[in-house]
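Have a look at the structure below before the remarks.
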Amino acid sequence: MPKSKQRHIVVVGAGAFGGWTALYLRRQGVRVTLVDAWGPGNSRASSGGETRVIRATYGPRAVYTRMAARALALWKEHERRWHRQLYHGIGVLWLVESDEQYEKSALPILRDANVRFEELTGPDVARRYPQMSSDKVRWAIFENDGGYLTARRACAAVLEGFLAEGGEYQQLAVQGPVAPAGGELSSVTLSDGSRLTADGFVFACGPWLGSLFPDVIGDKVRATRQEVFFFGTPSGDRQFTEQAMPVWADHGTPFMYGIPGNEWRGFKVADDRRGVAVDPTTLEREISAPALASARAFVRLRFPDMAKAPLVESRVCQYENSTDQNFILDRHPEAENVWIVGGGSGHGFKHGPAMGEMVSDAVRGTKAAAPEFALARLLEKR
């Protein structure tokens, strides 16, 4: 269809949600301009970093288990389409020591979603993974098709695919606040002073949603400082690599998780607890001594042979949290042609392709968005 007759949608943000949204809209014949301030997978993005976990265990929250199953199928499909590896299916191991409510409630949902998994006893875990200290592990869930995704590389791959299919990209920031008038938004101002006009807009800009829409979002989405550490395994040792271990999730207090191997980037260890609120634009990304000490203490307890492992890499990033940790996918309450997408809350990356499908369907009016992602739930709590 000639550009003059195509509906034009601007997608702001080239991360996990925005990049996939732009790609799926383009595939449906929409003219799409994707805009990002620093580029897909950049160091300030919530979708940056080397790796992200892909898993389907979500306690009682079935909507995310179903989305994760759909997203996994799409990740595999695009690996074949693009002839590059983005997904490493090494499995995900959920360890249960005391509180088991989260994992127990997940079991029937995993079955209903046809997710492949095994229930392991504590002795099963000890036999299968002797490099882990599992004396207090009572049982575990092993997700056979879980694993990790190469995050930064995947964001770049999505942009490349989008451009190859006729999409347009501009590396510029949108100036805020964004204020629709008369029930719609006709254009946005970019950081070079130009204006970008379109028929519709999707804002998928993570922790910057609040500054662009202070009246609607404000502090309903906020960034928290998170620290990730990579420890060096012994030379020639294979027991702490992805060939010998799965991704692991230690759902205790604190909730620690990690990825072995990371394509030779080191043994990743991270604390899932939310850190202090930060400004992701100006945040100085230097690790803190207390967080490193906490990570080392955990490694000593769970992986005794790694007790003296050196720190070989580290990263300070952010989660962009909604107040209830659920995603946002809804129209702006004062503009029919504006959609707000975000609230990844530390678990959004894996869902990128499934979310992109959902946003594309909602924007084109072919399928309503999931009610769990409605903005009303956040606005009622003002």
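The values are calculated or read from the model by the stated rules, or taken from the named source; none is laboratory data. It should be emphasised that the depicted structure is a prediction, and the values quoted were computed from it without experimental measurement. No Cβ is skipped: glycine too gets one built from the backbone with ideal geometry, and neighbour counts run over all protein chains shown. Surface areas here come from the heavy atoms of the whole protein model, side chains and all, with no ligands, DNA or RNA. Shrake-Rupley method; radii C 1.70, N 1.55, O 1.52, S 1.80 Å.
Things to note:
- Percent carbon-and-sulfur accessible area, segment 205-316, ignoring ligands, DNA and RNA, probe 1.4 Å: 54 percent
- Shown here for segment 148-242: GluC sites (Glu not before Pro) in loop regions (DSSP other than H, G, I, E, B) with at most 13 other Cβ atoms within 10 Å, namely Glu165.
- What a 1.4 Å probe finds exposed on segment 15-61 is 44% carbon and sulfur by accessible area, rounded to a whole percent.
- Long-range HN-HN contacts of Arg273 with modeled amide H, under 5 Å: Phe255
- Measuring nothing but how far apart in sequence close Cα pairs (under 8 Å, 6+ apart) lie, relative to its length, the chain scores a relative contact order of 23 percent.
- Computed over segment 159-277: relative contact order in percent, which uses C-alpha pairs under 8 Å that are six or more apart: 18 percent
- Only one residue of Ala374, Thr281, Val10 has its Cα farthest out toward the positive end of the dipole of the chain, where Lys and Arg carry +1 and Asp and Glu -1 on Cβ, and that residue is Val10.
- Of all the options Val359, Val202, Val312, the one that moves most in a Gaussian network model of the chain with Cα springs shorter than 10 angstrom is Val312.
- For segment 1-66: rounded, prolate or oblate by the Cα gyration tensor [a/c cutoff 1.5]: oblate
- Rounded percent of accessible protein surface that carbon and sulfur make up, segment 77-186, 1.4 Å probe: 46 percent
- A dipole drawn for segment 147-241 from +1 and -1 charges on Cβ atoms has a positive end, and of Ser235, Pro177, Leu149 the residue lying farthest that way is Ser235.
- Sequence ranges 95-101, 229-235, 287-293, ranked by mean other-Cβ count within 10 angstrom, highest first: 229-235, 95-101, 287-293
- Cβ-placed point charges (K, R +1; D, E -1), dipole of the chain about Cα centre in debye, nearest 20: 500 debye
- All other residues whose Cβ lies under 15 angstrom from that of Thr281 are scored, Lys and Arg at +1 and Asp and Glu at -1, for a net of 0.
- Surface per residue (accessible, 1.4 Å probe) for segment 218-368, Å²: 41 Å²
- Taking Asn114, Asn42, Asn262 as the candidate residues, the one with maximal mean-square fluctuation in a Gaussian network model of the chain, Cα springs under 10 Å, is Asn114.
- Taking a straight line from the alpha carbon of Lys220, these aspartates and glutamates sit under 13 Å away, with near neighbours fewer than eight places off in the same chain left out: Glu320, Asp324, Glu380.
- Each Lys and Arg adds +1 at its Cβ and each Asp and Glu adds -1 at its Cβ; summed about the Cα centre, segment 317-375 shows a dipole of about 180 debye.
- For Ser46, neighbours were defined as the other residues whose beta-carbon sits under 15 Å from its Cβ, and their charges (Lys and Arg +1, Asp and Glu -1) total +3.
- Note on the chain: dipole from Cβ charges, positive end direction compared against Ala73, Gly91, Val299; the farthest Cα belongs to Ala73.
- Mean ellipticity per residue at 222 nm, deg cm²/dmol - from DSSP H runs of n ≥ 4 across the chain, formula -39500 (n - 2.57): -8000 deg cm²/dmol
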